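S.K.: A single structure is presented below for examination.
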Amino acid sequence: MKPSSLIICRCEEVTIEQLEQAYQTGSCTSRQLKMKTRASMGACQGRVCRQLLEAWVHDKKPDSPRDAELLSYRPPIRPVTFGQLAKDES
């Protein structure tokens, strides 16, 4: 597997290569990359990939402040297991 084909966001299947392309076209912050590639906009709402995306941006621009444009994520109101969902069949 080539490093450029590594998936950063599993929900939206965003690869490092896609981040690179967006970065080259002027999307330089986490938020801009999110809007351009949909990274961290999937089912998990960034709970899985948000830190990876922010670390990737920081690696590109180490001089920039790390919390310049941090991404938000939306946790569920309360976590629910698949077993609980299966029991709720009425």
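The values are calculated or read from the model by the stated rules, or taken from the named source; none is laboratory data. A quick note: this is a predicted structure, and the numbers were derived from the prediction, not measured. Quick reminder, even Gly has a Cβ in these numbers, built from the backbone with ideal geometry, and neighbours come from all protein chains shown.
S.K.: Helices (runs of 4 or more DSSP H) wholly in region 17-90 with at least 1 residues that are of a type in the set (D, E, K, R) and either under 18 Å from residue 3 (Cα atoms) or modelled with pLDDT of 85 or more (or both) - which ones?
M.R.: Values: elements: 30-37, 50-60, 82-87.
Qualifying helices (runs of 4 or more DSSP H): 30-37, 50-60.
S.K.: Taking into account only those residues within region 17-52 that are of a type in the set (A, V, I, L, M, F, W, C) and either within 22 Å of residue 79 (Cα to Cα) or touching a strand residue (DSSP E or B) at 6+ places or on another chain (Cβ under 6 Å) (or both), which is surrounded by the most Cβ atoms within 10 Å (Cβ to Cβ)?
M.R.: 39
S.K.: Further, regarding this structure: Exactly one condition in (1) within 12 Å of the chain's Cα centre (by Cα); (2) loosely packed, with under 15 Cβ neighbours inside 10 Å is not met by residue 3; state its number.
M.R.: Condition not satisfied by residue 3: (1).
S.K.: Could you give me the residue pairs with C-beta distances under 7 Å whose first residue belongs to region 23-52 and is among the aromatic types (Phe, Trp, Tyr), whose second residue is assigned to a helix (DSSP H, G or I) and exposed (fewer than 15 other Cβ atoms within 10 Å of the Cβ) wherever it lies, and which are 6+ apart or on separate chains?
M.R.: Matching pairs, first to second residue: 23/60.
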